[in-house]
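Structure, as structure tokens:
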Amino acid sequence: MMSTCLRRILLTLLLVVSIALSACSPAQFRTEAAQVPRIAISVTSDPKTFNEILSEEYPKVFDYIYEGLLSQNGITAELEPALAEFWEISEDNLQIIFTLREGLKWSDGEPLTVDDVIFTFNDLIFNEKIPTSNRDVLRIGDTGALPEVRKLDDRRVAFISPEPFAPLLSFAGAMAIMPKHVLEQYLTLDAQGNLRFLSVWNAGTDPKEVVCNGPYRMVSYTPSERVIFERNPYYWRKDAQGNQQPYIERFIWQIVESSESALVQFRSGGMDAIAVAPQNYSLLKQEEERGDFKIQIAGPAFGTTFISFNLNQGKRNGKPLIDPVKSRWFNTVAFRQAVAYALDRNTMINNIYRGIGTPQHSPISVQSPYYLSPEAGLKTYDYNLEKAKALLEGAGFQYNSTGELLDKDSNQVRFTLLGGSGSQTADAIGTQIKRDLAAIGIQVDFQPISFNTLVDKLNVTLEWECILISFSGGIEPNGGANFWQPNGRLHMFNLASQPGQTPIEGRIVADWEAEIGRLYTQGARELDETKRKEIYAKTQQITQEYLPCIYLINPLSMSAIRNHLQGAKHSALGGTLWNIYELKLEDKPA
């Protein structure tokens, strides 16, 4: 469960949306940008923070304004130099030495040095007072130790692990490097005793104050409307002829209320690119020539789409997080298995995805070498209402005269399914789940809500029963450690109390849950690839047996891209703009 580019290795929550990479109408920006070469993409909600270290939600600006020591090629998935010019790995695999490029600068013109790297890791990511998922994926072994990060000289920094840790290179290289000269002052307490860093660079900050090192820097942010980025004049990349990259001077995030609105705008001719939802493929394919665009298909999408029940049995201030009656249902394995059998994935594929997709069964992306296929032994839950009903009745549930499902105490089985608002795909999936589960007597109240509200329920209040979401995917399975480790910050189906939150009393970690965490620790420690695959195969078998997540559909990754946007190479791993620094505009209408 890794992200779609190297910096997205950290699992971050994504809504079940058809994420549109699209632009607003050019007329909206003629007065401010008529003479500026630009592209625009759309997102369905506002950014929640401009602080990369604290970010755990979509959408996020950081893929365009920050880089790490390494990057990942969006086509080949190979690690490539970024801020680090090259790296060396010791023979015992316990140390990696990165050598920074000469002359690196921040977007404000200040030098970017090894001291910034040391500060990013030792003072921010490894700081237990700062809640960040970045820390979870760098925990090593049974003790959860963190690597030592040591300055060797003005250009070299060493990452030293106490034991073999297979993902160290990709994870150390993934983290966005942050500016010490700006942020160090915020590692102090305010008058109320709170760490000032926790409120710096929030979404209310003037974007021009955010110092970065990526191809772009932010110019302005108008809530519910747009974020405008401009080319970072101090970005390190140049082409073979010595020309400064990126080539495109400006691009715009247009915040639209729905994917349907984005589609309308794209078809009207004002947009540069859009992610193609399967239900829109036929329509857009017919319009390629007239609309002057091409649809690029990159194979199965990375990531997962699933529903999950809240399994947390704890209390806060004596009050159960989940209604104890419903909690008993959710924590019954047979109940979750029955739900899995009752979901008609083939109908989802045909009706919602227009036949462009396959059933999904694993938390690990199908492109990953660690993916376990059904043919290799992964358990699946093919649509079978009789099996579903038999499992429920065997677990003590019963049906009344009208076909409603009741528990052993005659409580009607009814729960709320939360999903992301603003997506035709999410709405359709939620509606079908409601219909499918009605066939086994379960009443589902489907409720789409805004993404920020969703994140608050998942991470703070924990007041949710069942959720329909997507996670990003990738190659390295330990990128999902913060989801699968019982104390991980993204272990949402049974989240532990986080620093600064009201403690949770009586939280129970199931044996299977602890075993998955143990295997993830073992898998990260193992350097033999054959043995690593065997370990992660076991994790997938356990997740499919106990179903903390019930996986749904894996669609194809597709994008419609205007012909004037030259150099775009859409991929399932990197998306449409993974190589934004080398994209060019040719004959773009004024």
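Out of all the residues in segment 203-230, which are of a type in the set (G, A, S) and under 23 Å from E110 (Cβ atoms)?
Hits for segment 203-230 are G214, S220.
Rundown of residues vs (1) touching a strand residue (DSSP E or B) at 6+ places or on another chain (Cβ under 9 Å); (2) modelled with pLDDT under 95; (3) not small (G, A, S), yes/no style:
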residue	(1), (2), (3)
I469	yes, yes, yes
N487	no, yes, yes
R507	yes, no, yes
L519	no, no, yes
Y536	no, no, yes
L552	yes, no, yes
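Here are some residues: E545, E515. Which one is over 22 Å from F171 (Cβ atoms), touching a residue at least 40 places away in the same chain (Cβ under 8 Å) and out of contact with any His (no Cβ under 7 Å at 6 or more places or on another chain)?
None of the other options fit; the residue is E545.
Output the residues belonging to segment 368-407 that are farther than 19 Å from Q432 by Cβ and among the hydroxyl-bearing types (S, T, Y).
Residues satisfying the conditions are S368, Y370, Y371, S373, Y399, S401, T402.
Tell me which residues, restricted to segment 445-471, are crowded, with 18+ Cβ neighbours inside 10 Å, out of contact with any Leu (no Cβ under 6 Å at 6 or more places or on another chain) and among the polar types (S, T, N, Q).
N459
Identify the residue in segment 61-77 that is in a strand (DSSP E or B) and of a type in the set (S, T, N, Q) and, among all such residues, is surrounded by the fewest Cβ atoms within 10 Å (Cβ to Cβ).
Once the filter is applied, the top-ranked residue is S71.
Mind checking which residues of segment 281-302 are within 30 Å of S362 (Cβ to Cβ) and surrounded by 23 or more Cβ atoms within 10 Å (Cβ to Cβ)?
A301, F302
Taking segment 126-139, which residues are crowded, with 19+ Cβ neighbours inside 10 Å and either closer than 13 Å to A481 by Cβ or out of contact with any strand residue (DSSP E or B) (no Cβ under 9 Å at 6 or more places or on another chain) (or both)?
T132, S133, N134, R135, D136, V137, L138, R139
So that you can scan it fast, the table gives a plain yes or no per residue for (1) surrounded by 15 or more Cβ atoms within 10 Å (Cβ to Cβ); (2) among the hydroxyl-bearing types (S, T, Y):
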site: D323; (1), (2): no, no
site: R328; (1), (2): yes, no
site: A334; (1), (2): yes, no
site: S362; (1), (2): yes, yes
site: Q367; (1), (2): yes, no
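Give the residue that is farthest from E289 (Cα to Cα), with candidates limited to residues of segment 242-274 that are in a loop (DSSP other than H, G, I, E, B), hydrophobic (A, V, I, L, M, F, W, C) and at pLDDT below 90.
Looking at the filtered set, the residue picked out is V256.
From the residues in segment 170-215 that are part of a helix (DSSP H, G or I) and of a type in the set (G, A, S), which one is surrounded by the fewest Cβ atoms within 10 Å (Cβ to Cβ)?
Ranking the candidates gives S199 first.
Can you tell me how many residues within segment 145-164 are surrounded by fewer than 19 Cβ atoms within 10 Å (Cβ to Cβ) and part of a strand (DSSP E or B)?
Residues flagged as surrounded by fewer than 19 Cβ atoms within 10 Å (Cβ to Cβ) and part of a strand (DSSP E or B) within segment 145-164 amount to 7.
Check N312, N350, N346 and return the single one that is surrounded by fewer than 16 Cβ atoms within 10 Å (Cβ to Cβ), in contact (Cβ under 8 Å) with a residue 24 or more places away in the chain, not in a strand (DSSP E or B) and not aliphatic (A, V, I, L, M).
Result of the check over N312, N350, N346: N346.
Looking only at segment 229-244, count how many residues are touching a helix residue (DSSP H, G or I) at 6+ places or on another chain (Cβ under 9 Å) and surrounded by fewer than 18 Cβ atoms within 10 Å (Cβ to Cβ).
Qualifying residue count, segment 229-244: 2.
So which residues in segment 486-512 are under 23 Å from the mean Cα position of the chain (by Cα) and under 20 Å from P324 (Cα atoms), if there are any at all?
Result: M492, F493, N494, L495, A496, S497.
Exactly one of these conditions fails for Q485: (1) in contact with a Lys or Arg (Cβ under 8 Å, 6 or more places away or on another chain); (2) surrounded by fewer than 22 Cβ atoms within 10 Å (Cβ to Cβ); (3) of a type outside the set (S, T, Y). Give me its number.
(2)
Taking the conditions exactly as written (closer than 23 Å to T502 by Cα and touching a helix residue (DSSP H, G or I) at 6+ places or on another chain (Cβ under 8 Å)), does N280 satisfy them or not?
No.
Has segment 376-383 got any residue that is free of Cβ contacts under 8 Å to residues at least 24 places away in the same chain, more than 27 Å from G474 (Cα to Cα) and either hydroxyl-bearing (S, T, Y) or surrounded by fewer than 19 Cβ atoms within 10 Å (Cβ to Cβ) (or both)?
No: segment 376-383 contains no residue that is free of Cβ contacts under 8 Å to residues at least 24 places away in the same chain, more than 27 Å from G474 (Cα to Cα) and either hydroxyl-bearing (S, T, Y) or surrounded by fewer than 19 Cβ atoms within 10 Å (Cβ to Cβ) (or both).
Taking segment 78-105, which residues are buried (at least 20 other Cβ atoms within 10 Å of the Cβ) and within 26 Å of the chain's Cα centre (by Cα)?
Once the filter is applied, which keeps residues that are buried (at least 20 other Cβ atoms within 10 Å of the Cβ) and within 26 Å of the chain's Cα centre (by Cα), segment 78-105 yields A82, L83, A84.
Yes/no per residue for (1) part of a loop (DSSP other than H, G, I, E, B); (2) touching a residue at least 12 places away in the same chain (Cβ under 8 Å); (3) over 24 Å from the mean Cα position of the chain (by Cα):
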| residue | (1), (2), (3) |
| --- | --- |
| F415 | no, yes, yes |
| G419 | no, yes, no |
| G422 | yes, yes, no |
| T425 | no, yes, no |
| I433 | no, yes, no |
| L437 | no, yes, yes |
| G441 | yes, yes, yes |
| F446 | no, yes, no |
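Suppose we filter D142, D116, D123 for residues that are surrounded by fewer than 20 Cβ atoms within 10 Å (Cβ to Cβ), among the acidic types (D, E), part of a helix (DSSP H, G or I) and in contact (Cβ under 8 Å) with a residue 60 or more places away in the chain; which single one remains?
D123
The values are calculated or read from the model by the stated rules, or taken from the named source; none is laboratory data. All values reported here derive from a predicted model rather than from experimental measurement. Neighbour counts are summed over all protein chains in view; Cβ atoms, including those assigned to glycine, are modelled from backbone coordinates with ideal geometry.
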